[in-house]
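Written out below as structure tokens is the structure these notes cover.
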Amino acid sequence: MSLLEIRHLSTHFQTAQGTVKALRDVSFRVSPGEVFGLVGESGSGKSVSMLSLMGLLGENSVIPEGEILFGGRDISPSELNTKKKRREYEKKMRKLRGGEISMIFQDPMTFLNPVLKIGTQICEGILAHIHCSREEARIRAIELMRQVGIPSPEKRLEQYPFEFSGGMRQRIIIAAALACKPKLIIADEPTTALDVTVQAQILELIQTLTDESGAAVIMITHDLGVVATLCDRIAILYAGRVMEEGLTEEIFYNPKHPYTRGLLGSINNSEKDGNEPLRPIPGTPPDLLKLPAGCAFMPRCQEALRICAAQEPPESSFSGTHRCFCWQNSMDASLITVPTPAAAKRAPSEAEAQNLALSAAREG
Amino acid sequence: MAEKLLEVTDLCKYFELKRGLKGTQVVKAVDHVSFEIAKGETLGLVGESGCGKSSLGRTLLRIYEPTAGEILYCGKDLARLSRRGFLPYRRKIQMIFQDPYASLNPRLTVGEIIGEGMQIHKLCTKAQATRRVQELLELVGLKPDHIRRYPHEFSGGQRQRICIARTLSLDPEFIVCDEPISALDVSIQAQVINLLELIQKERGISYLFIAHDLGMVKHISHRIGVMYLGHMVETGPSNDVYHDPLHPYTRALLSAEPIPDPRAAHLKKRILLEGEIPSPIHPPKGCPFVTRCPYAMEVCAAIQPPSFELENRKVSCFLYEQWRIRERGGKGLASLPQKAPAQPPANA
Amino acid sequence: METPKKGFWFEPIEPELQNSEFIAVESKGFLAEASARFLRNKRAVFGLAILVFFAALALFGPFLVPYSYDGQSPAFVNAPPSAAHWLGADKFGRDLFVRLCYGARISLFIGFASALINLVIGCVLGGISGYAGGKVDLIIMRAVDIIYAVPSMLYVILIMMALGANTKSILIGICIPGWIGMARQVRGQIISLKQQEFSMAALVLGAGDGRILFKHLMINAIGPIIVQLTFLVPQAIFTEAFLSFVGVGISAPLASWGSMCQSAREFITLYPLQMLWPTLSISLTIFSLNFLGEGIGDALNPRSK
């Protein structure tokens, strides 16, 4: 059974310029104890999906659809149309946050209160979710800090966040995240702000701790190196949609989506000999206010088909674990619901077909 | 080796920090750094934050005034020129900045931004400038009619390409690229790198490419320099440095980089360094790396290692004194036992 | 999952349908967008309208009625509003409407002239101070501290004693300490903008100090400068009104809103309307200036929405 299941989740933001469709029909599941990578570039919706899951979105957000199941319980943030439902949802989430689900952020300083001692902050988290005395909480905090590799924790508990370096702060965040023995840890770019050598320490730490505690981790990142090192499974997000999902090996060695292939072609693998030329994806990610019709990746895709500009691609699966949303992988005419331009049916001349396709795409 | 374009010797940049009653403290951002760059060559400069790589780039361009040392550019010492005397070199030496959102003046149009250099140096008439701006826009993959647009309408990658067009407007010979891709998305980084490579091929421009992404640096650089706490600890041809790093810090840095290849990542042995970079206000005595070095010896804590030359490489580490190399019968580090680091990683 | 026959939809897409460098946002330039945002703000437009009304009154009001500001007519002493005297007349039988118009002249002139002078001095000194830094900054900022140490009202009163009670000396008195806020604001802005990479980029291109300061830094500080400016105008108008009210400002028979309040004070229980007109004018002007300032601030700084 899966620990977390997200089904058809969409999140929109209302802004002065219009509706930003940050997340569209995203589904995936996370099993207990696995490390699941959520990969995407800025604006792909990887952070928004987790904020939607945790119920931490701002006032201007709307969740038109979506179901979220955590450990069999329904924590869907959609259809909270009455005050009572909203209050119940908020109550449920407050219990989960920092308890069974905890988060690690990119910038530890946004999470740590600069005027409170580290010890107080970790203990508070423990006391909020577990019934125990202050002294017991303190002992647990010391144990946690030792676990994440902070030397002389008894002394460090009495210090303030500014007395710690970036890497140490991130360790404290991890300690706080582990405090209530969570079943799921959401790590939002936990190493992006850190230097390479410190990043290696933190990645190692996350790996050993999750192996020990058996917690599942959702790793949000844009760094394919981090994903390859840490994750069991990956979902690739682009413009608010899942493009491809599969085991790490499937994604890296048998990518099915042109976007995934583009990402892999854009990075230089320093382990390989010789300098292969980079194969970047041309163009720029779409504006979420003005998404193209059909597949969001179509404008930059080098393998795009006519249908890509007219209809969103269907799901095609390759193994029990590997699925992908791309017309290239499911060229099945029965899946097409948009009407074919009338002229195209009676074998039009080339120029005619082109014009029709152009107009169809513009309308679609 | 091709003709030398830039030769930097013992360049220093110290910053004075005023700390109230404690008086002034000196931060040695760049400390006796020497290197050279040939015509049409790319020198990659890697190091972690606070190692002084950006300060070095800015000092070369006299954004910061050098404290000491020589910057020989085609035989002329740039460090000693007056501000006016430096002006002609502003055309030849350009810079691409890290943050494409901060490096374009939001109140000017793209045309004004790219054309400004030509206007300052009075290179051509207004009509010529407009035509040239349009050519440059096309060169970097944008459209000529983008000339009247404002920077905020563009995405990060497009903005970085506008920055490249701006530097190219003056036909420079040497460009300092200060982490030009670290603020960009993965799929966009490769676009910018390919563009920079294309420009180099066509115009024979030299680059100083500063970055912390080792994979990309290896890809674009002919030679690589590794900096740590204001010191250049190792320089050499990029393939050599990657496949046989000499300095213990270079080894650790390379092994710490996550590889985007799951099988290789699982096989790779990581050298995990203890602790973090010491504060540049209180650098360790002797070798800057001594507090974290797994091979640290007594001499390292006492004396700063000089630069040892090995074939076409330079490394600042006592492990490469000739007699030590002879003693262990080769230059590799594999035969050496690792010691525990000299100091605990406390950094309060 | 290859289908044998590809069909129309599964042909490769026409390249002209793929606009990968598509730019969705389109803007008409900073000022055009700012003014569009400003015009959408109803309160700000209302404020502007009131201000324009008073400005028109100041310029053309006196031509509408056949009186001068000091012409006395004993028949109309303390007269209520009528067809002859629209707003009534004061204790000397002077027409209140025409006096109100002259008052508007003085108030608005002092308000805007002092703001303009402060703008120039503040921008130049603040800009130089922030841009040059070091000793120059130290000297200018210590001078600012010294000027700031003396109560601002004292300057006005001292200057008036030296140069006589007239508009010019009030203006000078207001301006001596008036530019300080502007200079500090500009200095702070310039210091933070100087760190931005675009100013380094201009330096690297070979731009001179003047070009960097004005074309790159000052232009980006324009929002906070204008907002600061909208504080200065009501402040100056208040100062003038206060001085005239306590009797050290504009002296009779010249009219200012403050001195009109002063002369209406005696008979406030008998003829409250005489007090109402100038106070209403002051309040409305200040209100509209505040709305205007807020509107301009929001228009120049779209992120505040």
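Just so it is clear, none of the values below were taken in a lab; they were calculated from the coordinates. It should be emphasised that the depicted structure is a prediction, and the values quoted were computed from it without experimental measurement. Cβ coordinates were reconstructed from backbone atoms using ideal geometry, including for glycine residues, and neighbour counts include every protein chain displayed.
Below is a table of values for the structure above.
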quantity: Helix A:134-147 vs. chain A, principal-axis angle (Cα, 0 to 90°, nearest 10); calculated: 60
quantity: Equivalent ellipsoid, segment A:1-58 (semi-axes from 5 times Cα gyration tensor eigenvalues, Å); calculated: 24, 12, 10
quantity: Nearest-0.05 FRET efficiency for C:PHE231 and C:ASN166, computed from C-beta distance (R0 22 Å); calculated: 0.30
quantity: Förster radius 30 Å - calculated FRET efficiency between A:MET109 and B:SER279 (Cβ-Cβ, nearest 0.05); calculated: 0.95
quantity: Chain C - charge dipole about Cα centre, Lys and Arg +1 at Cβ, Asp and Glu -1, debye rounded to 20; calculated: 480
quantity: C-alpha center-to-center spacing [segment B:134-191, segment B:1-62] in angstrom; calculated: 25
quantity: Kyte-Doolittle mean at least -1.0 and Cα axial length at least 15 Å: DSSP H helices in chain C; calculated: C:30-40, C:42-64, C:96-132, C:134-149, C:152-163, C:167-194, C:222-246, C:272-300
quantity: Links that overshoot a 22 Å alpha carbon limit, given the list B:LYS13/C:LYS194; B:LYS76/C:LYS215; C:LYS135/C:LYS194; calculated: B:LYS76/C:LYS215
quantity: Calculated FRET efficiency for the pair B:SER82/C:LYS42, C-beta based, R₀ 56 Å, to 0.05; calculated: 0.50
quantity: Point-to-point label distance, C:LEU273-C:ILE139, nm (Cα→Cβ direction, 7 Å offset); calculated: 6.0
quantity: Nearby aspartates and glutamates by direct alpha-carbon distance to A:LYS85 (threshold 19 angstrom, same-chain neighbours under 8 apart not counted); calculated: A:GLU59, A:GLU65, A:GLU67, A:ASP74
quantity: Equivalent ellipsoid dimensions for segment A:286-333 as semi-axes, Å, which come from the Cα gyration tensor, largest first; calculated: 21, 12, 9
quantity: All-pairs Cα distance distribution in chain C, expressed in whole percent, bin size 20 Å; calculated: 26, 44, 20, 7, 3, 0
quantity: Between 0 and 90°, nearest 10: helix A:166-178 axis offset from chain A longest Cα axis; calculated: 90
quantity: Label zone at B:ARG328 (point 7 Å along Cα-to-Cβ), backbone N below 14 Å, segment A:190-222; calculated: none
quantity: Acute angle (nearest 10 degrees) that the helix B:186-203 long axis makes with the longest principal axis of chain B, alpha-carbon atoms; calculated: 80
quantity: Amide N of segment C:197-230 lying under 16 Å from the label point, which is placed 7 angstrom from the Cα of B:PHE15 along Cα→Cβ; calculated: C:197, C:200
quantity: Length released on extending from A:LYS181 to A:GLU204, taking residue separation times 0.36 nm less the Cα-Cα span; calculated: 6.4 nm
quantity: Principal axis dimensions, chain A - Cα atoms, whole angstrom, descending; calculated: 82, 61, 40
quantity: Additional length obtainable on full extension of the chain from B:GLU112 to B:GLU298, 0.36 nm per residue less Cα span; calculated: 61.1 nm
quantity: Proximal aspartates and glutamates to A:LYS183, defined as alpha-carbon separation beneath 14 angstrom and excluding residues fewer than eight positions away on the same chain; calculated: A:GLU5, A:GLU34, A:GLU100, A:ASP211, A:GLU212
quantity: Along each principal axis, Cα extent of segment B:4-238, largest first, Å; calculated: 54, 40, 39
quantity: The protein assembly as shown - Rg over Rh from alpha carbon coordinates, Kirkwood radius; calculated: 1.03
quantity: Leading residue at positive end of dipole, chain B (Cβ point charges), from B:TYR14, B:ALA256, B:GLN200; calculated: B:TYR14
quantity: MRE, 222 nm, helices only [DSSP H, n ≥ 4, -39500 (n - 2.57), over the protein assembly as shown, to nearest 500]; calculated: -13500 deg cm²/dmol
quantity: Estimated inter-spin distance, B:CYS124 and B:ASN239, nm [label 7 Å along Cα→Cβ]; calculated: 4.0
quantity: Pair C:LEU154, C:GLN195: separation of 7 Å Cα→Cβ label points (nm); calculated: 3.6
quantity: Under 14 Å, Cβ to Cβ, from B:ASP31 - net charge with Lys/Arg +1 and Asp/Glu -1; calculated: +3
